[in-house]
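Inspection log for the structure reproduced underneath, given as structure tokens.
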Amino acid sequence: MTAEDPPTQDLKLRQLAQERAEREQVADAENEADAERHLRRADKAAYLRRKLEERERSERAAGLGDEPPPAA
């Protein structure tokens, strides 16, 4: 991770917000195709958020995250 990269926690929160926004758009979609498009985007955001959670755990285990690694 370079100095320019945003913290994993920030990226995870962005994906959560994106997922929620897309799921709201599903209900407001004008047709089935739009609803499916928003649902796919929401699913992608959820997938990326889960991957960021994995990254966050790995960073903590390696001592790279903001929080100290768990005591052994």
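Which of the residues belonging to the stretch 14-52 are closer than 26 Å to Leu64 by Cβ and open to solvent by less than 90 Å² (accessible area, probe 1.4 Å)?
Gln15, Leu16, Ala17, Gln18, Glu19, Ala45, Ala46, Leu48, Arg49, Lys51, Leu52
Mind checking which pairs have a first residue in the stretch 2-27 that is closer than 18 Å to Ala42 by Cα and in a helix (DSSP H, G or I) and a second that is among the β-branched types (Val, Ile, Thr) and open to solvent by 80 Å² or more (accessible area, probe 1.4 Å), Cβ under 7 Å, 6 or more apart or different chains?
Close Cβ pairs satisfying both conditions: none exist.
The values are calculated or read from the model by the stated rules, or taken from the named source; none is laboratory data. Keep in mind it's a predicted model, so treat the numbers as computed, not measured. Heads up, the Cβs are rebuilt from the backbone with ideal geometry, glycines too, and the neighbour counts pull from every protein chain shown. Only protein heavy atoms, including side chains, enter the accessible area calculation; ligands, DNA and RNA are left aside. Shrake-Rupley method; radii C 1.70, N 1.55, O 1.52, S 1.80 Å.
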